[in-house]
Each structure stands twice: as C-alpha cells, then as structure tokens.
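Notes to accompany the following structure.
Any read-out appearing in this document is the output of simple, stated calculations on the displayed coordinates, not a laboratory observation. Computed from a prediction, not measured in an experiment: that's the story for all the values here. Backbone-built Cβ (ideal geometry, glycine too); neighbour counts: all protein chains shown.
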Amino acid sequence: MQVYIDLQALVHNARYILSKTDGKQIAAVVKGDAYGHGISLVVPTLVSLGINRFVVSNLKEAYAIWNLGAQWILVLHPSPEDVKEIEYLPAPLSSAIRIAIWDFSMLDIVPNHVPVHIALSTGFGVGINEIQGNLSNVYIEGIMGHMPFLDDTEKHQRLRERIYKEFIERAIFYAEKYRASEVHICNSATLFYMDGCSGTTMVRTGVGLYGYIEARSIRPELKPVMYQVGEIISIKKVKKGDTVFYGNVAENNMTVAFVRAGYGDGYAGGRYAYHIRSKQYISRVFDLTMNVTAFDVSGINARVGDKILLLGDKTKVRADEVGKQIGVSTEKVLTRAGLSRRIALPEDIKDLLQA
C-alpha cells in the first residue's frame, strides 16, 4: 500500500483559508506528523506560502519542524520534562517556542522568559476557568481556547455562537489585564462558522488544511490532500459457505479481490474502496488482516495489479465518510493512514486518479 500526498491540494486549501482570515496570522496545526501527512512534506510547503507559525503537541515535534523552517511554534501539550528542557535548547529554537498552559501547576516550572498561552475552558473538558493572582513574573503572550467539536446543525450552531461569544469576552478581558498580544480559539470549522473569527488576532487551523471540515457549505471548496492506494494481488471465486481468511465464511457466491493493505499498514478499514480502472465502488467483505483486505469484485473486470483507492477524493472513501462508517473521527482515519510511507503525489498517479 502507498500513501500519496497532493501538495497542490494543500496549497489550494491553505490559500483558501488565508483568503478568509481578514489578514490575521495563521498557525497551522501539524501535530501527529501533520495528521499523518508528514511534516517533511507539509511544513516546507506551508513555509513557501509565507506561513511560519505552527502548532505541535510536544517538544520533539517542535524540534523537527524548526529544522524545516518554522519560526513560531506553540507546543499544545508539553510534559513537565519538555518544559524543563527548553532552557537547554539552542537559543534560536528556544526563542521560537511558546507553551500552552491548561493547568496553572505548569506555571511553577515554566522559565519566566518563555511565552505562555493560557487556555481558557470552553466546555472541552480541559482548560482554566478563571485567571487569578499576580502573574507579573509570567510572560503571557496569548489567551487561547479550543472550540468543542460540534455538528453541522442549527442547534449546534447556536451553541457554537454562545461558546464563542463567551470566550471572546473573557479572552479580551484577560488579554488587556495581562497585556497579552494574541487571542485565538479557532479550529478549522469555526473560522467559517464565525465569519473570520472576529475578536481574535490569530487563526489556528488543523484538519481544514488537509481538506476536511464539518461545515457542509465549505467542503466543496477544500480538497483532500491524502490518497491511500492499494493493489490487487490475487483474485479468487468463492462459493457460499467457503472459508476465507481467519474463519470468515462467505455468505454468497462472489469474486473476491485480495488487496495489499491492512491494519498493519494504517488502513482504517472503510466499507468501500474505489476500483480506479472501472470507476466503480467495491465493498469490503471480510475483516482485514495485517497487510491484506478482501473486496467483492463480482461483475467487475478486475485484474491482478489493478490500483484500488482506499482513501481520497471520492465520496465513499473520503476520510470523514470512512470515519462515520467505522465510528472514529476524521483525524484518526488520516493519522492512522500516515503510518505508511508517504510520498508527494506523482503526476502519473494523479492522472490515473483523475482520469
């Protein structure tokens, strides 16, 4: 199985998001190896567009993206060990790093020259309810939050608007009180739902960069960046009652194609795949194994060597749709797929996918 990253689609998405930010800075979320897309591919591409602010999970990720051109790095979930290590980093890297504070106990170990972004609780289950006390010895650069994941419904939009309004009022109050220069809450969807995120100074955007967003009206404007492609390695006719794989029993007569892709490769196991040559969807019929999955190709002129699209820009194999099929988030589907080797999408494969 091979994972291809369409860097032209990434550029398209980034430019579209930039066009909606009213001139605000963008901080691109690249935690989890850029949601499985590969920081070595994603970060230099975004830097080439003038995006030099990035968000990561830990210090190891911060060091990796600094070597790729990042100049401003917010570490979202630092461990105490991460925080203590900052003082021993090279000065250029140390000066690039900011620390998110979700619990005041972390302030006891943060060096006073390191900028912190205090995360307010927004109903996400984590964060600080109220900022109190004399924090004159703390370098508070930002007040931040995270919008809870909300569905694309009228009811949730009203809830989103209430949460956003309450956050902005609190964040601006604290930013003025503690002279913080940055206010930010936006995840990808909130940028569009809340019309550019008025009241903020910066936009944090994650999964939207990679082509996915819960806002249905925006989905057509973004392009999935990741393509997961398998290959048929064997075709077999099975009869009803035949045993296939580890004790699976065929419920009907069918022609089964065995595709080189499984959970060991990061394949999430959606219900469908797309047979590229015939331009038809095929159904997954048996539990996937570590490196092989079986699909029903009855009625399709399938051949050994045919390419199968497991994840990409087709309705039933989009990462968000696959997530719904198997009951996990879009982010989990993408990050899991990124366990495989990733390369920039070659023109011949792109032509094949778009033919």
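Taking other C-beta atoms within 10 Å as the exposure proxy, Phe54, Phe245, Phe295 rank Phe245, Phe295, Phe54 from fewest upward.
Highest first, please rank the peptides 300-310, 205-215, 252-262 by the mean number of other Cβ atoms sitting within 10 Å of their residues.
205-215, 252-262, 300-310
Taking the helices alone, the chain has a mean residue ellipticity at 222 nm of -8500 deg cm²/dmol, built from -39,500 (n - 2.57) per DSSP H run of at least 4 residues and averaged over all its residues.
Take the alpha carbon gyration tensor of segment 7-213, find the square roots of its eigenvalues, order them as a ≥ b ≥ c, and report rounded if a/c is under 1.5; if not, report prolate when a/b exceeds b/c, else oblate. Cα axes put segment 7-213 in the oblate bin. Positive end of the dipole of the chain (Cβ unit charges, origin at the Cα centre): among Leu49, Leu93, Ser278, the Cα lying farthest that way belongs to Ser278.
Phi-derived couplings, Karplus 6.51 cos²θ - 1.76 cosθ + 1.60 at θ = phi - 60°, listed residue by residue for segment 322-332: 4, x, 5, 5, 10, x, 10, 6, 4, 4, 5 Hz, with x used for Gly and Pro. Working note: Karplus 6.51/-1.76/1.60 with θ = phi - 60° gives segment 226-243 the couplings 9, 10, 10, 10, x, 9, 5, 10, 6, 10, 9, 8, 10, 9, 3, x, 5, 8 Hz, where Gly and Pro are set to x.
Using 0.36 nm per residue of separation minus the Cα-Cα distance, give me the extension gain between Ile326 and Gln354 in nm, one decimal.
Answer, rounded to one decimal: 7.4 nm.
A value for Rg and Dmax of the Cα atoms in Å was derived from the coordinates, and within the list (i) 21.3, 70; (ii) 22.8, 75; (iii) 20.4, 64 it appears as (ii). Note on Phe173 and Ser217: the model spin-label points, each 7 Å out from Cα along the C-beta direction, lie 3.1 nm apart.
Comparing Val30, Trp72, Ala9 along the charge dipole axis of segment 7-213, the residue lying farthest to the positive side is Ala9, per the Cβ-charge model. This ranking places Val203, Val292, Val126, Val244 by how few other beta-carbon atoms lie within 10 Å of each, fewest first, which gives Val126, Val244, Val292, Val203. Place a label point 7 angstrom from the Cα of Ser283 along the Cα-to-Cβ direction, then list the residues of segment 220-247 whose backbone nitrogen is under 19 Å away. Inside the label zone: 236-245. This model, with +1 at the C-beta of Lys and Arg and -1 at the C-beta of Asp and Glu, gives the chain a dipole about its Cα centre of some 1140 debye.
Ignoring aspartates and glutamates fewer than eight residues from Lys237 along the same chain, the ones with Cα atoms less than 12 angstrom from its Cα are Asp296.
Checking the cross-link pairs Lys60/Lys332; Lys24/Lys324; Lys31/Lys279; Lys307/Lys350; Lys155/Lys324; Lys155/Lys316 against a 23 Å limit on the alpha carbon distance flags Lys24/Lys324; Lys31/Lys279; Lys155/Lys316 as lying beyond it. Of the residues His184, Gly133, Tyr212, the one whose Cα sits farthest toward the positive end of the charge dipole of segment 7-213, with +1 on the Cβ of Lys and Arg and -1 on the Cβ of Asp and Glu, is Tyr212.
Placing +1 on the Cβ of every Lys and Arg and -1 on the Cβ of every Asp and Glu, with nothing else charged, gives segment 207-355 a dipole about its Cα centre of roughly 220 debye.
Of the trypsin sites (Lys or Arg not before Pro) in segment 102-190, the ones in a loop by DSSP (not H, G, I, E or B) with at most 16 other beta carbons within 10 Å are Arg179. Taking 7 Å steps out from each Cα toward its Cβ at Arg303 and Ile109 produces label points 6.1 nm apart. Measuring r between the beta carbons of Ser198 and Leu49 and using R0 = 25 Å, the FRET efficiency lands at 0.55.
About its Cα centre, the dipole of segment 7-213 is roughly 420 debye, where the only charges are +1 on Lys and Arg Cβ and -1 on Asp and Glu Cβ. In terms of other Cβ atoms within 10 Å, Cys186, Cys197 run from fewest to most in the order Cys197, Cys186. Of the peptides 13-20, 134-141, 60-67, the ranking by mean beta-carbon count within 10 Å, highest at the top, reads 60-67, 13-20, 134-141.
Please give the FRET efficiency for Val11 paired with Lys240, using the beta carbon to beta carbon distance and R0 = 41 Å, rounded to the nearest 0.05. E between Val11 and Lys240, to the nearest 0.05, is 0.25. Can you give the FRET efficiency to the nearest 0.05 for Lys155 and Asn129, using r as the Cβ-Cβ distance and R₀ = 30 Å? Efficiency computed from Cβ-Cβ geometry: 0.75. Judged by the ratio a/c of the largest to the smallest principal axis of the C-alpha gyration tensor, segment 242-297 counts as oblate, that ratio being 1.5 or greater while a/b is no larger than b/c.
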